[in-house]
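Peer 1: My questions will all concern the structure given below.
Taken together, the values in this text are just the output of simple stated rules run on the coordinates, not laboratory data. Here the structure is a predicted model, which means the values were calculated and not measured. Cβ sites come from the backbone with ideal geometry, for glycine too, and all protein chains shown count toward neighbours.
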Amino acid sequence: MKKYIGLLFFINLFLFSSLSYAQKQPLFYLGGSAYYNYSMHNADFQNLSLQYYTCCPKYKTASGSGISLGGLFETNVSNIAKGLSVGANLKYTILNADFAEVENIGNVELRRNEYPYETVKITSAEAIHNLQSNLQMINLVPYVSYDFFNNFVGFFGLNLGYMLEGQFSQYEELAKPDNLVFSNGSKKRNEWYNQTIPNLNDFQVGLLFGLGYKLPIGENTFIVPRINYNLALTDVSNVSWKPNYLQLGADIKFPFYKSEKTPKKELIYERDTVIERRYDISEDYIALEKSFEDGGVVYETYKYYQKYSARLQADFLAYGLDKDGKKQENPTIIVEEFYTVEGFPVLPNVYFKDGNSDLNKTRLHLIDKEEAKGFDEKKITSFNSLSVYYDILNIMGSRLKRNPNAKLIVAGYSSGTGADAQNSNIAQERANVVKNYLVNTWGINENRLIVETRKATTKTNNPNSMNDAIEENQCVELLPYNGYNTTTVPLYLPVVLSSIEREANPPAVEFVTNIDAEAGVNVYSLAVEQDNRKVFEANGRADNAVLKWQIREEHMPFTENSLNAVLNVKDNIGQTASVTKPLDIKQITVQSKKDRIEGDWRIDRYSLVLFNYDDANISYVDRQILSEIKKHIIKDSRAVVTVSGYADRTGNAEYNKNLAKRRCDEVCKFLDIKNAVIDPVGSDDLFFNNNLPEGRALSRTVKIEVRTPIK
């Protein structure tokens with residue numbers, strides 16, 4: 001009886017599935033899939049990499065289980081061949097497989113796992129080499145299927161996978177004899193757990209072969225039990241290891257049909273038009289604003305947009321700002337020239353990067369033999385201490401040639417940390433490259449350059465400054481041989497440069513804009529122009545703004561020709577407005593002062609840079625410089641002396657201000673002047689980039705300005 005019931009079930013199933021094909025054909029199918037995976041990995045390797053060593057002769061086969069879950073898309077292409085479909089599966093797949101290779105090992109030393117734990121040498125033992133893998137990937141499987149007999153369907157596809165995770169655990173386990181362990185006291189050795197598979201191939205390619213049966217569960221809706229075999233073409237990593245697997249599971253497919261349009265009945269339209277004037281359009285136009293249907297009548301509302309011009313007006317006022325911020329309407333800008341002589345300090349240090357001794361990777365300006373012939377320190381064009389410092393090796397080279405009896409100690413340092421600590425010769429290498437540059441580029445006799453290596457000198461008690469101290473010890477120092485004397489002092493004297501310095505009065509001009517833009521400001525620009533050259537420019541988008549022109553050297557008029565301020569405005573609809581106003585200007589040059597026999601100032605500036613970290617003692621070289629300054633001050637009692645003290649960023653602001661004050665006091669004490677203007681700035685104003693070791697060294701300074709009236 002059971003036999004007949006089963007036969008009846010299959011007859012009904014066959015008839016139902018045959019009837020389902022008589023229905024309307026879907027446009028495509030969407031659905032999902034779920035499978036159980038049985039892994040059958042083939043391999044031929046001993047080690048995944050030398051990092052994960054094992055003495056296994058070969059890993060060959062592995063098995064395991066996992067799942068695949070995903071979605072599918074399929075469409076019928078019976079116009080090409082009856083019963084033919086194409087589709088694609090997108091699945092998440094887990095492939096776990098465990099290798100377990102048995103090896104007989106002999107002539108090995110093992111330990112007893114009970115007291116007295118002595119070592120035993122045996123001739124035969126059995127070990128199992130275990131490698132457990134966990135592979136997880138996303139698979140895209142484009143496929144073709146063919147309904148070849150009474151709902152039996154064959155599948156063929158290309159399995160494209162991307163590895164989400166590839167991990168393994170590996171260990172060797174002593175299986176026999178039971179009473180012994182390895183020399184490490186454990187049954188296991190060569191253990192690694194949950195490691196990423198070395199050289200994992202992210203992209204996997206394989207072939208899919210499958211067979212299924214379509215079980216109808218509704219009109220053109222099916223569950224398709226399937227068996228698939230996936231043949232891997234790509235290895236898991238750079239060893240021979242292919243993850244083949246068998247799948248048992250099912251797809252579920254839901255149909256989607258092409259929509260059929262029903263004919264629409266004739267509609268009646270009623271239209272209304274409203275006029276609106278707009279300034280933000282380029283031309284008149286009509287637009288549909290609202291439309292709805294009610295009882296076969298379509299009601300439409302249109303707007304007729306008419307263009308008109310928006311209001312745009314622009315103006316501004318100019319005020320002079322003195323040093324105290326007081327305003328002066330309609331100012332006359334007076335640009336006055338002063339003859340300036342400035343002494344820039346010589347910082348005899350070369351700073352290297354951590355673990356590096358390549359001179360080309362420093363920030364120094366390096367030249368060749370031919371360029372050295374024409375080098376002149378007085379022709380350094382950039383008027384600042386950092387630019388002078390970047391030519392330090394060229395300055396030292398040219399001064400050594402002018403002072404043939406002078407000798408230098410080329411002292412190399414290592415920070416003793418980081419990459420420096422990995423090279424015990426790094427200090428020697430740094431000193432040698434500096435010496436070689438002076439010898440090869442400047443032709444200095446190598447006997448005049450004595451190479452030494454020294455221990456780190458720059459220290460700090462402030463943890464926040466530790467990196468700064470380390471950087472400053474990655475250097476080479478050029479030190480006087482046998483101390484400072486008449487032959488070595490000339491090497492360290494400041495680089496003296498002279499120029500014409502220009503100052504503006506008032507030092508700033510404030511522009512107050514008054515813009516009335518009905519459409520809103522898109523952009524404005526205010527520029528100060530002279531001789532077709534912009535000396536100042538500011539841009540913005542606000543209706544009104546207050547703009548300040550700081551008249552510094554880079555933004556300063558050069559002649560007495562007309563100076564104009566020009567305000568240009570563009571609104572949000574492209575309209576423009578412009579207004580130009582002249583600014584009065586007067587130039588007082590050094591030559592014109594001489595022609596009129598007027599009083600003027602000569603300005604001499606000096607920087608004393610050789611203050612050590614957290615130190616206010618004046619160096620030997622700076623004492624020689626101060627002696628010359630002192631003579632200059634004694635000659636003319638009218639000289640006005642300003643002494644400004646600075647510090648690097650190390651330490652807090654209050655401490656640095658006190659340190660700067662001590663440095664200023666030491667200088668004034670040496671100069672024997674009591675009426676100097678003292679300005680202990682500290683670290684409130686960092687002249688140089690304190691992220692650089694040379695910037696910090698140059699910031700430990702006292703600047704002296706001597707203004708002497710001349711007739």
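Peer 1: Relative to the longest principal axis of the C-alpha atoms of the chain, give the angle of the C-alpha long axis of helix 620-635, reported between 0 and 90° and rounded to the nearest 10°.
Peer 2: 40
Peer 1: How many percent of DSSP beta bridges within the chain run antiparallel, rounded to 5?
Peer 2: 85
Peer 1: If you take the charge dipole of the chain about its Cα centre, with +1 on Lys and Arg Cβ and -1 on Asp and Glu Cβ, which of Leu174, Thr487, Asn440 is farthest toward its positive end?
Peer 2: About the Cα centre, the residue reaching furthest to the positive side is Leu174.
Peer 1: Determine the dipole magnitude for the stretch 599-710: charges of +1 sit on the beta-carbon of Lys and Arg, -1 on that of Asp and Glu, nothing else is charged, the reference point is the Cα centre, and the result goes in debye to the nearest 20. Write out the running numbers ahead of the final one.
Peer 2: Details: 18 positive and 17 negative charges, 63 e Å.
Computed about the Cα centre, the dipole is about 300 debye.
Peer 1: Measure nothing fancy, just the Cα-based angle from helix 392-402's long axis to the longest principal axis of the chain, in degrees from 0 to 90, nearest 10.
Peer 2: With both axes taken from Cα atoms, the answer is about 40 degrees.
Peer 1: Among the DSSP beta bridges whose two residues both lie in the stretch 599-710, what percent are antiparallel, rounded to the nearest 5? The partial results should precede the final answer.
Peer 2: On the way: 15 of 20 bridges.
Among the beta bridges of the stretch 599-710, antiparallel pairing accounts for roughly 75 percent.
Peer 1: As a quick test, which of the pairs Lys534/Lys586; Lys327/Lys703; Lys361/Lys401; Lys60/Lys187 have an alpha carbon distance above 20 angstrom in this structure?
Peer 2: In this structure, Lys327/Lys703; Lys361/Lys401; Lys60/Lys187 lie more than 20 Å apart at Cα.
Peer 1: So, in nm, how far is label Ala250 from label Ser619 when the simple model puts each one 7 Å beyond its Cα toward the Cβ?
Peer 2: It is 8.8 nm.
Peer 1: Would you be so kind as to identify which of Tyr213, Val274, Leu547 lies farthest towards the positive end of the dipole of the chain, taking Lys and Arg as +1 and Asp and Glu as -1 on Cβ and the Cα centre as origin?
Peer 2: Tyr213
Peer 1: Using only the alpha-carbon atoms, how far is helix 426-442 inclined from the longest principal axis of the chain? Give it as 0 to 90 degrees, nearest 10.
Peer 2: Approximately 50 degrees, to the nearest 10.
Peer 1: Rounded to two decimals, what ratio of Rg to Rh does the stretch 599-710 give with C-alpha atoms and a Kirkwood Rh? If you can, show how the numbers build up before the last one.
Peer 2: Details: Rg = 14.0 Å, Rh = 14.2 Å.
So for the stretch 599-710, dividing Rg by the Kirkwood Rh gives 0.99.
Peer 1: When only Cα pairs under 8 Å and 6 or more residues apart are kept, what is the percent relative contact order across the chain?
Peer 2: Working: 1615 pairs, mean separation 70.5, N = 711.
With pairs under 8 Å counted, the relative contact order is 10 percent.
Peer 1: Additional query: Placing +1 at every Lys and Arg Cβ and -1 at every Asp and Glu Cβ, with all other atoms neutral, what dipole size does the chain have around its Cα centre, in debye to the nearest 20?
Peer 2: On the way: 80 positive and 87 negative charges, 220 e Å.
For this selection, approximately 1060 debye.
Peer 1: Please state the Cα pair-distance histogram of the stretch 26-256 with 10 angstrom bins from zero: what percent is in each bin?
Peer 2: 8, 28, 23, 17, 12, 7, 4, 1, 0
Peer 1: Also, I was wondering about something else. For the stretch 130-283, what number results from the quotient of the Cα radius of gyration and 2.2 N^0.38 Å? Mind dumping the intermediate values first?
Peer 2: Numbers: Rg = 30.0 Å, N = 154, 2.2 N^0.38 = 14.9 Å.
Computed over Cα atoms of the stretch 130-283, the ratio equals 2.01.
Peer 1: What translational diffusion coefficient, in µm²/s and rounded to a whole number, does the Stokes-Einstein relation yield for the chain at 4 °C and a viscosity of 1.567 mPa s, taking the hydrodynamic radius as the Kirkwood radius over Cα pairs? All intermediate terms of the calculation are to be shown ahead of the outcome.
Peer 2: Working: Rh = 36.7 Å.
Once the numbers are plugged in, D ends up at 35 µm²/s.
Peer 1: Right, next: Ser578 to Leu215: extension gain in nm, 0.36 nm per residue of separation minus the Cα-Cα distance? The partial results should precede the final answer.
Peer 2: Details: separation 363, 0.36 × 363 = 130.68 nm, distance 8.06 nm.
Residue separation times 0.36 nm, minus the Cα-Cα distance, leaves 122.6 nm.
Peer 1: Then there's this: For the stretch 346-493, what is the percent of antiparallel DSSP beta bridges, rounded to the nearest 5?
Peer 2: Details: 8 of 14 bridges.
Here the share of antiparallel DSSP bridges comes out near 55 percent.
Peer 1: Ok, one more. If the cut-off is a Cα-Cα distance under 20 Å, which aspartates and glutamates reach Lys630, setting aside same-chain residues fewer than 8 apart in sequence?
Peer 2: Reachable aspartates and glutamates: Glu342, Asp604, Asp622, Asp665, Glu666, Asp672, Asp679, Glu705.
Peer 1: Would you calculate, for the chain, the mean residue ellipticity at 222 nm contributed by helices, counting each DSSP H stretch of 4 or more residues as -39,500 (n - 2.57) and dividing by all residues, to the nearest 500?
Peer 2: On the way: 10 runs with 113 residues, N = 711.
Calculated from helices alone, the mean residue ellipticity at 222 nm is -5000 deg cm²/dmol.
Peer 1: Name the residue farthest towards the positive end of the dipole of the stretch 31-185 from the options Tyr36, Gln132, Phe148, assuming +1 on Cβ of Lys and Arg, -1 on Cβ of Asp and Glu, about the Cα centre.
Peer 2: Farthest along the dipole direction, towards plus: Phe148.
Peer 1: If you don't mind, there's one more thing I want to ask. Percent of alpha carbon pairs in the stretch 222-312 separated by more than 24 Å?
Peer 2: When all Cα pairs of the stretch 222-312 are counted, 66 percent exceed 24 Å.
Peer 1: I've got another one for you. How big is D, in µm² s⁻¹, for the stretch 346-493 by Stokes-Einstein at 37 °C and 0.692 mPa s if Rh is the Kirkwood radius over C-alpha pairs?
Peer 2: Here the translational diffusion coefficient equals 207 µm²/s.
Peer 1: Most exposed first by the Cβ proxy, i.e. fewest other Cβ within 10 Å, how do Cys668, Cys475, Cys55 rank? Spell out each step's value before the answer.
Peer 2: Numbers: Cys668 18, Cys475 26, Cys55 13.
The most exposed by this proxy come first: Cys55, Cys668, Cys475.
Peer 1: To make sure I understand the rule: partners must be aspartates and glutamates, Cα under 13 Å from the Cα of Lys290, and not fewer than 8 residues away in the same chain. Which ones qualify?
Peer 2: The qualifying aspartates and glutamates are Glu270, Asp272, Glu300.
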